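Trainee: Here it is, the structure, as structure tokens.
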Amino acid sequence: MTSLLMRRSAWIFLACFSVALVLAVLRAQGDIRRESQGADQMARFVEELSALQNIAPDAVERQVDRLRDIRRSGSLRHLDFQLEDGTGKILIPAVPSAAEGISGRTRLVLHRPDGTRFLATLIADTASEKEEAVFDIAGMAGLFLIYGLAMLAGLYWAVRYAFGPLRGIVGAIAAFRKQDFSARLPRLPVRELDHIAGALNHLAEALAEAQARQKHLSLQMASLQEDERARLAIEVHEHFGQGLTALRANIAYLLRQTSETPRLQAAVRDMEVQTAGIHQEVRALLRRLQPDGGDTNGQEQLGLRILLHELVKSWQDADGNNTLYRLDVDPEDFRLPRETSLIVYRMTQEALANIARHAHAKRVDISVRIDPDEPSMLCWRVADDGVGIASPESAMSHGNGLAGIRERIWARGGSLQIGAASADSARPGLCLSVRLHRGDAP
């Protein structure tokens, strides 16, 4: 970059110097021409003035007119004159401004053969000398001003040309910060910046590959988690389910056998109630582990409303619940691929658990619908009227479920927005909005 600026500055200097040199030559030529004309007029003036001494009497008036013409031409540089006859009559008066600024006089007495004489007074015109000096200074100052402005304009253009590519570099870095690694920088005219652009392009490719691998691993991890949940659900069902079924059959037998012993029958009925409660908890656990029940009826898509309805109902019917849950799935027969449906289910599950633990909300709204502007996208939204959170980023670092939601969305290439659900400062609530690819053809 230094070499580029130096080269540009050198070219600008040479261009400005060449222009200044041309202007100086033109000015010198003009000065030489004026000096030459002044010298010619001075010689003519001396010749015409000397002729007054020997010219015929009848030609004196014509000679004085010639001197007046020289005077009117103004070609006598820095010199004025006044001509008087022998009686003191002024034939050619000096310019008043020149006479007032006189710094030197030279008197010449011209004697004629007939005894008459003329008095010529040569006056140094310092005013014209000063005027010409001021003009020269102004010209030099103007030339330097133009030279300085040209240099500044040239340097501005050179610096802008050199640093212009930085805007593209800054834009690429901003895109990288937003996890967009598709931006690429072209070849740049500045060597140092071109090296930086190449390094950034290489970094973007490496980050894009790492991000793709991380997303793939995240999806694999989610798939393994669902497989592990399904395996656990099967084991729980096979071991606890069958055992509980046998236990409830034994309790029913004991109830019949103790019908004549009220005290024993009461104890057995208490066992029946406890067993029924355990059975309900196991069924709820199975729904949380495998919400589709492990049976898709040979179909690759699941009804989203059925899955979420069971989940919301489990929270609505929970003991001690004081929160109203409202579910809105549009359209009602909305079906998605099993993988996408389970992602929506897990996000809703984590969001509701987070609300129950932290929000102290009285109302929760869950909505799932197709994006009207882009049918290939799914819009998921959960909003509550609870106490809200001060810092979403800080909350995600404390493992309260938001980080899990963000991880699932990021792995599928979706977007998450977190904000207050209302303008109430006391209970702003929390709103989670997600746009996610449906994973099927609309």
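Trainee: Please give the calculated 222 nm ellipticity per residue for the chain, where each DSSP H segment of at least 4 residues contributes -39500 (n - 2.57) and the sum is spread over every residue; nearest 500 deg cm²/dmol?
Mentor: Working: 12 runs with 255 residues, N = 442.
Theoretical 222 nm ellipticity from helices: -20000 deg cm²/dmol.
Trainee: Normalised by the residues of segment 171-322, what does the relative contact order come to in percent, with Cα pairs under 8 Å and at least six apart?
Mentor: Values: 71 pairs, mean separation 25.2, N = 152.
Once divided by the residue count of segment 171-322, the mean separation gives 17 percent.
Trainee: For the chain, modelled as a GNM with alpha-carbon contacts under 10 angstrom, which of ASP58, ASP136, ASP319 fluctuates the most?
Mentor: Greatest mean-square fluctuation among the candidates belongs to ASP58.
Trainee: With Cα extents along the principal axes in Å as the read-out, I listed (i) 101, 54, 40; (ii) 183, 46, 36; (iii) 109, 61, 43; which label goes with the value calculated from this structure?
Mentor: Among (i) 101, 54, 40; (ii) 183, 46, 36; (iii) 109, 61, 43, the one calculated here is (ii).
Trainee: Relative to the first principal axis of the alpha-carbon coordinates of the chain, what is the inclination of helix 191-236, with its axis defined by its Cα atoms, in degrees from 0 to 90 and to the nearest 10?
Mentor: Helix 191-236 and the main axis of the chain meet at about 10 degrees.
Trainee: Name the residues whose placed amide hydrogens come within less than 5 Å of the amide hydrogen of VAL329, ignoring near sequence neighbours (fewer than 5 apart) on the same chain.
Mentor: Placed amide hydrogens put VAL368 under 5 Å from VAL329.
Trainee: Let me ask something else about it. When TYR161, TYR156 are ordered from fewest to most other Cβ atoms inside 10 Å of their Cβ, what list results? Don't skip to the end; give the middle numbers.
Mentor: Values: TYR161 14, TYR156 10.
Going from least to most buried by this count: TYR156, TYR161.
Trainee: Further question on the same structure: List the relative contact order of the chain as a percent without decimals, with contacts defined as Cα pairs under 8 Å and 6+ residues apart. Before the final figure, lay out the partial values.
Mentor: Values: 507 pairs, mean separation 40.8, N = 442.
Relative CO of the chain lands at 9 percent.
Trainee: Oh, and also: Kindly express, to the nearest 10 degrees and within the range 0 to 90, the angle between helix 242-257's C-alpha long axis and the longest C-alpha principal axis of the chain.
Mentor: Orientation of helix 242-257: about 40 degrees from the principal axis.
Trainee: Could I get the Rg over Rh figure for segment 179-290? Both from C-alpha atoms, Rh via Kirkwood, rounded to two places.
Mentor: Working: Rg = 30.8 Å, Rh = 19.6 Å.
For segment 179-290, the value is 1.58.
Trainee: Another question, then. If you average the sequence gap of Cα pairs under 8 Å that are 6 or more apart and divide by the length of segment 122-234, what percent do you get for the contact order?
Mentor: 15
Trainee: Under 25 Å Cα to Cα from LYS313, which lysines show up? Leave out anything in the same chain fewer than 8 places away.
Mentor: Straight-line reach from LYS313, under 25 Å: LYS362.
Trainee: May I ask you to work out the translational diffusion coefficient for segment 299-437 at 10 °C, viscosity 1.306 mPa s, via Stokes-Einstein with Rh from the Kirkwood sum over Cα pairs, reported in whole µm²/s? Mind dumping the intermediate values first?
Mentor: Working: Rh = 15.3 Å.
So the translational diffusion coefficient is about 104 µm²/s.
Values in this text are rule-based calculations from the coordinates and carry no lab data. Since the model is a prediction, treat every value here as computed from it, not as a measurement. No Cβ is skipped: glycine too gets one built from the backbone with ideal geometry, and neighbour counts run over all protein chains shown.
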